[in-house]
Number of protein chains: 4
Amino acid sequence: MSSSSGQIFRVTTFGESHGPAVGVIVDGCPPRLALDFADIQPDLDRRRPGQSRLVTQRDEADQIEILSGIWEGSTTGAPIAMQVRNSDQRSPAYDHMADLYRPSHADYTYDAKYGVRSIAGGGRASARETIGRVAAGAVARKLLDVAAGVKVLAWVSAIHTIDATGSIDASTVSRDDIEADPTRCPSPEHATSMTTAIEDARRDGDSLGGIVTCVARNVPVGLGAPVIDKLEADLAKAVMSLPASKGFEIGSGFAGTLMTGRQHNDAFIPGPDGRPRTATNYSGGIQGGISNGEDIVIRVAFKPTATISSPQDTVTRDNEPTTLAAKGRHDPCVLPRAAPMVEAVVLLVLADHWLLQQSVDVLPQLP
Amino acid sequence: MSSSSGQIFRVTTFGESHGPAVGVIVDGCPPRLALDFADIQPDLDRRRPGQSRLVTQRDEADQIEILSGIWEGSTTGAPIAMQVRNSDQRSPAYDHMADLYRPSHADYTYDAKYGVRSIAGGGRASARETIGRVAAGAVARKLLDVAAGVKVLAWVSAIHTIDATGSIDASTVSRDDIEADPTRCPSPEHATSMTTAIEDARRDGDSLGGIVTCVARNVPVGLGAPVIDKLEADLAKAVMSLPASKGFEIGSGFAGTLMTGRQHNDAFIPGPDGRPRTATNYSGGIQGGISNGEDIVIRVAFKPTATISSPQDTVTRDNEPTTLAAKGRHDPCVLPRAAPMVEAVVLLVLADHWLLQQSVDVLPQLP
Amino acid sequence: MSSSSGQIFRVTTFGESHGPAVGVIVDGCPPRLALDFADIQPDLDRRRPGQSRLVTQRDEADQIEILSGIWEGSTTGAPIAMQVRNSDQRSPAYDHMADLYRPSHADYTYDAKYGVRSIAGGGRASARETIGRVAAGAVARKLLDVAAGVKVLAWVSAIHTIDATGSIDASTVSRDDIEADPTRCPSPEHATSMTTAIEDARRDGDSLGGIVTCVARNVPVGLGAPVIDKLEADLAKAVMSLPASKGFEIGSGFAGTLMTGRQHNDAFIPGPDGRPRTATNYSGGIQGGISNGEDIVIRVAFKPTATISSPQDTVTRDNEPTTLAAKGRHDPCVLPRAAPMVEAVVLLVLADHWLLQQSVDVLPQLP
Amino acid sequence: MSSSSGQIFRVTTFGESHGPAVGVIVDGCPPRLALDFADIQPDLDRRRPGQSRLVTQRDEADQIEILSGIWEGSTTGAPIAMQVRNSDQRSPAYDHMADLYRPSHADYTYDAKYGVRSIAGGGRASARETIGRVAAGAVARKLLDVAAGVKVLAWVSAIHTIDATGSIDASTVSRDDIEADPTRCPSPEHATSMTTAIEDARRDGDSLGGIVTCVARNVPVGLGAPVIDKLEADLAKAVMSLPASKGFEIGSGFAGTLMTGRQHNDAFIPGPDGRPRTATNYSGGIQGGISNGEDIVIRVAFKPTATISSPQDTVTRDNEPTTLAAKGRHDPCVLPRAAPMVEAVVLLVLADHWLLQQSVDVLPQLP
């Protein structure tokens, strides 16, 4: 298994939904960053279950404990270990699923790869693992904010067929706009429709997917390490490693293929502060794998939640046909909780590249 | 700059379009693989300029030289270094662009990051860099074929508004189907329309983008290293590090967000060989970050080529407005040459994960 | 800070002597390894303070808690997180040292690098950090034993001028021989002298260093990844990252420079099982960076403990001269506790290379 | 095989003694470093065969060609590829050895690991591989010199029983002192004895080993990344990955074990420039894994060359006893050519840690 990301700002998560705890080590955070519990917990609160009637009703406080790396309110340069105890390690609700493979879950592939049944609640593949990444993302957020003024926001722009993309201005949407509704869709009318759709899906034993949009503002020009560790490449990897993600776009994305070069090219215009700006931003803030100072805008597709309460055809571990009727509490739509996860992994990528960049710009500019 | 990919099958490229040579080191290829020039050159021939009237008319033979790692027709376990001499290092056609930034190219960001003008032809950001990755991909192809029977094919499924997706069966399309037309679109009627569109764009001084679809068949169950190095995450990173890519999808991708869970879940059915199969493949061959034995199907969006011959507004290095009228030969549509690039980076990811998997499955299965 | 080692068997430690806990994440351990608390705790018991009158009298139980990666007595392939709570987080005995630099400690360099005072007990530089590595080493020991029958033993071969090297046969010494005396010197007469020397040093407010020898038996032929990750190179790095180590030798080491090639070359002789053996083992079990199947024998020099209770000249954080008189409990000689630390890091290197080797030997032997 | 070192300043070598070329890619060198052929070639000239009558008489010019990463006399941030063509790819002198294992060479272990006969001249295990590292080291040397004023020098301090250590002041020895004699021993009287000893060994068909000492001066305080990537740990790994090295010491090394803590501790004294200095330097310039601003002093043991012209007992690939009588030209003593190799790998480690340090010291000092 591979549980680490980042070259300088290195993050390693651990823990399963059924074990004693989940957590993370953040190694490589610079020393002398003011940081404490209050910087971390709010991000966890935005991703925890039970936060609204729209998401799974498991009520877990997900209170973070900081075990190392911080001394008298400041990072020390040592690895920052953080963990959350699992209050609810194993639910008998899952026992009936021990010998069959849930469709479109990781049960079969984990079993095939590791030879150990992916147990109650999804084990390592559970979204519970993302607690570690969200906690680490909160550290990255503080670092990027203090050091460079970077701000990262993600929201729900579509759920099923309800697409609010055209009603949301990615360049001005605020945290308050996003948090105004439990859907985390900053377009109020769409949020209302989404709520209805999610409640209908729950009632029907069905589930919905959708799209999260994320913007990073005030990113310094120059982040990214082509040709392999291009900034968009690392962003794509980060979001595609989240549970249930199926697609990634930057800037114009797939829709950009319907434009011609004349339409799509972002003309440079002289910027007021002496650096070039672009008249449009089809590039999505990254050119040649390197940030150009415009807003970085990405979109992530999340499939409809695999856990549904309708009966489904599947097979047992012995390859015999059977029927699954899921019990237990689950999210009929992961999108509202996916937004903070996307923010977290985007923050981790930006923090890593920002630190990496410090080792590039070390010699004087040439004349 | 970061020019390496892979943990076990490690690939490092070098070279700029204006320098003496481009190339690659492949470190970590297992010994005793039968390999020679004839395994490498055909893949390079499919990505080289001048191969058809549809692509750039620079005529470069791109003949590969193998410098190390092979002895009497077999790999030795030592790093395999390969290079291609540049026949045409610097064209005066680019001199007039030395002091301005071409829109939607990497000129500005490279200059901002490295303080060194991204010179004639794009320098390191040039598609010429992908020669190294395609050569390395050919080594990966041979390894995966010999060791596991894996086959990887990519083709052009859309150019601009001409979308052949519905006419191509990803599970049966063949190399011959793809190579039957210079567009590399295996639907003949769409290929004809695409050819006309590309020729029109060239005549108009414009350019077109499109979509490449790639399938990997016969991939062993179990490849992928969640939670960070999920197979789809590494695939996403690999294709998003190619020049001009703007989006990535696996399986149902963005369209999957329009389905409900009941529609989208891939029901398991007993497979004839004792292992579960899926009735549908919305998962795209990967579940929980691990291959499930079904075809892996991805789609990659490529923007319209940034180089166009129409005049464009831009700025100089001194942030003064100016106008660019590109000269020189260029591709009005990169898609036909992008297909072999996508194949190459997909092959690199699969080879790396196949080798990585050898260190996982080392202890006996539990009862 | 960099707290991770290994490419496949990846170990990341966290924790300071003054914080709530120390611990480790082991990522990449193969699934299906029988493993529980009883496999880990004994190694920790051999490195803990207070185990004998020879070592520091701080009495810490150092009881390990396993947080993830193990299910019903078997590894699952998921990261194994383990931690030990610190019972004694901060001793007022260290407060008087907060503003000066202890000679030959890490106080000054940590302060210079991180700008944060390396606090009471040494912080991250404390030997307490090695708890994580020893716990991880115990996992590696189990894996190597079960999968390949490898055995690793380390002992004290010299303390100060008392050198037992000539009285100990590295090829036959046993765990019982080593544990027979608290010094961990398997030569009883030397152990007695060493005990006297350590007690004398403690009484004098002084400290002693010495040499640990470590043997790895039954190592498969073929481990090691030249030219950079040679097996002896990774072993050297591993032991030189332990606190207080100042030198590393393999096989003949520095003494080998006094021999000629004719004396030093290890003649090959036909081995009984069809593979070559060597008549002598000046190579120390590794040739060309790769294990040759003979015993791997290394020696590690540890300096006399920097903490002494005699007064010492030093400077304050403000670069003013002052005098330090250490209080608190300390080890007058770290050697008996260093032996299990050396074993642990050697085990980590061997486990990593054993797993790495699985990805090399994948194609059939050539005729 | 693993052919890369460094995290930021990443170096990957390729090539065998019998192939068309050897070389290196340096990825991660900062842009805007003035660099050309004349910065690289002198270091290669100091390691090449045939430079004096003391070393092997193969006469290879080892002229470096730079393939990428440099534009108009300056690094561009792109990977720097460099190569040397092999003039003398395969000597029939080695043919008689194709089916036996040379004692204390890598023939047997390479064959066991890779299943491919380590061919004429040693293949990848040949010292010829170090050309790439020496060329990369020259880039590191220029970077460290320009950016930080660091100077690295290595010399021969002992050959066989002739030990010049006590006659050489590591803090003042100069390049001219070292290059004054082909032995690279800066003590003239010892150099004379060493020359005689080497010539005697050659005449006897025997070989000699010895010790290289290396000093790094003016290293900034703060380099090193504990607890795993301690500076001395990375130095140890680097030198132990050189052919024929058997031991590593820093500062007091093994001799330090004969001192007590009172003798060994380096008392801090107020330095003239406001930072602490040490009265002695038994620490060897590194404390807690981090440079303290004093000279870094290491010693490396090299075994007597394995190639001797006296007959030796060995076995064939079929494990049958046989006798080897080496022919061909060889070094009776590798030490004079080992000194530039040690310099190179030390430079690579320092450059990498210097760049890594740029990402640590990014936030303001605390009050």
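The values are calculated or read from the model by the stated rules, or taken from the named source; none is laboratory data. Everything numeric in this text was worked out from a predicted model, so none of it was measured. Note that we place each Cβ from the backbone using ideal geometry, even for glycine, and neighbour counts take in every protein chain shown. Just the protein is used for accessible areas: all its heavy atoms, side chains included, with ligands, DNA and RNA removed. Shrake-Rupley method; radii C 1.70, N 1.55, O 1.52, S 1.80 Å.
Worth pointing out:
- Residues of the stretch D:336-367 buried by at least 30 Å² of accessible area upon assembly of all protein chains, compared with the chain on its own (1.4 Å probe): D:Gln358, D:Ser359, D:Val360, D:Val362, D:Leu363, D:Gln365, D:Leu366.
- For D:Asp163 and D:Glu65, the difference between the fully extended length at 0.36 nm per residue and the C-alpha to C-alpha distance is 31.4 nm.
- Cα shape, the stretch C:94-197, gyration tensor, a/c 1.5 rule: oblate
- In this assembly, the A-B interface accounts for approximately 8200 Å² of buried accessible surface in total, computed with a 1.4 Å probe and without ligands, DNA or RNA.
- In range of the label at C:Ala180: residues from the stretch C:262-295 whose backbone nitrogen is under 13 Å from the point 7 Å along Cα→Cβ: none
- Here the accessible area of the protein assembly as shown is 51 percent carbon and sulfur, with a 1.4 angstrom probe and all protein chains present.
- Nearest-first distances (nm) between copies at B:Gln263, label 7 Å from Cα via Cβ: 2.7, 8.3, 8.3
- For D:Glu16, distant residues with modelled amide H under 5 Å away: B:Gly69, D:Ala21
- Chain B, dipole about Cα centre (Lys/Arg Cβ +1, Asp/Glu Cβ -1), debye to the nearest 20: 340 debye
- Semi-axis lengths (Å, descending) of the ellipsoid that matches the C-alpha gyration tensor of the stretch C:1-40: 22, 16, 5
- Inter-copy label distances at C:Ser174 (7 Å, Cα→Cβ; nm, one decimal): 6.3, 6.8, 7.6
- Taking 0.692 mPa s as the viscosity and 37 °C as the temperature, the Stokes-Einstein diffusion coefficient of the stretch D:1-75 based on its alpha-carbon Kirkwood radius rounds to 230 µm²/s.
- Farthest positive-ward along the stretch C:118-273 dipole, Cα basis, beta-carbon charges - from C:Gly209, C:Ile168, C:Val239: C:Val239
- Rounded Å value of the spacing that divides the Cα centres of the stretch C:19-58 and the stretch D:210-289: 29 Å
- The calculated FRET efficiency for the pair A:Asp36 and B:Ala255, based on their C-beta separation and a Förster distance of 56 Å, comes to about 0.80.
- The protection proxy used here, the mean number of other Cβ atoms lying within 10 Å of each residue, ranks peptides C:104-115, B:162-173 as follows, highest first: C:104-115, B:162-173.
- Extents of the stretch A:216-282, largest first, come to 42, 29, 22 Å (Cα atoms, principal axes, whole angstrom).
- Other protein chain C-beta atoms within 10 Å of residue C-beta, averaged over A:136-148: 1.
- Shielding value for B:204-216 is 3, the average number of Cβ atoms from other chains within 10 Å of each residue's Cβ.
- In this structure chain B gives 30 Å² per residue of accessible area when probed at 1.4 Å with all protein chains present.
- Karplus-derived 3J(HN,Hα), 6.51/-1.76/1.60, for each residue of the stretch A:244-254, Hz, glycine and proline x: 6, 7, 10, x, 9, 9, 10, x, 5, x, 5
- Peptide C:61-74 has a mean shielding of 4, counted as Cβ atoms of other protein chains within 10 Å of each residue's Cβ.
- Three-way shape label, the stretch D:131-178, alpha-carbon gyration tensor, a/c 1.5: oblate
- Axis-nearest residue of A (beta carbon) for the A-onto-C rotation, whole Å: A:Thr12, 3
- Phi-based couplings in Hz for the stretch A:280-290 (Karplus 6.51, -1.76, 1.60; Gly and Pro marked x): 10, 9, 5, 5, x, x, 9, 10, x, x, 10
- Teacher prompt: C:Asp36 distances to equivalent labels in other copies, 7 Å Cα→Cβ, nm: 4.3, 5.9, 7.2
- Shape call, the stretch A:171-235: gyration tensor on alpha carbons, a/c limit 1.5: oblate
- Kirkwood-Stokes translational diffusion coefficient of the protein assembly as shown, alpha-carbon pairs, 10 °C, 1.306 mPa s, µm²/s: 49 µm²/s
- Span-rule helices in chain A, defined as complete DSSP H runs reaching 15 Å or more along the axis (Cα) with Kyte mean at least -0.5: A:130-148, A:335-358
- For the stretch D:273-287, a drop of 40 Å² or more in accessible area on going from the chain alone to the assembled protein chains (1.4 Å probe) is found at D:Pro276, D:Gln287.
- Percent of alpha-carbon pairs separated by more than 17 Å within the stretch B:241-344: 69 percent
- When the inverse distances between all different Cα atoms of the stretch D:203-253 are averaged and flipped, the Kirkwood radius reads 13.3 angstrom.
- Each pair of Cα atoms in chain D enters the Kirkwood radius, and Stokes-Einstein at 4 °C and 1.567 mPa s then converts it into a translational diffusion coefficient of 60 µm²/s.
- Taking the convex hull of the alpha carbon positions in the stretch C:303-355 and averaging its projected area over all directions gives 5.9 nm².
- Positive end of the dipole of chain C (Cβ unit charges, origin at the Cα centre): among C:Ala140, C:Pro226, C:Ala34, the Cα lying farthest that way belongs to C:Pro226.
- Farthest towards the positive end of the charge dipole of the stretch C:247-366, among the residues C:Gly251, C:Val362, C:Pro270, is the Cα of C:Gly251, using unit charges on the Cβ of Lys, Arg, Asp and Glu.
- About its Cα centre, the stretch B:186-289 has a charge dipole of approximately 340 debye under the convention of +1 per Lys or Arg Cβ and -1 per Asp or Glu Cβ, with nothing else charged.
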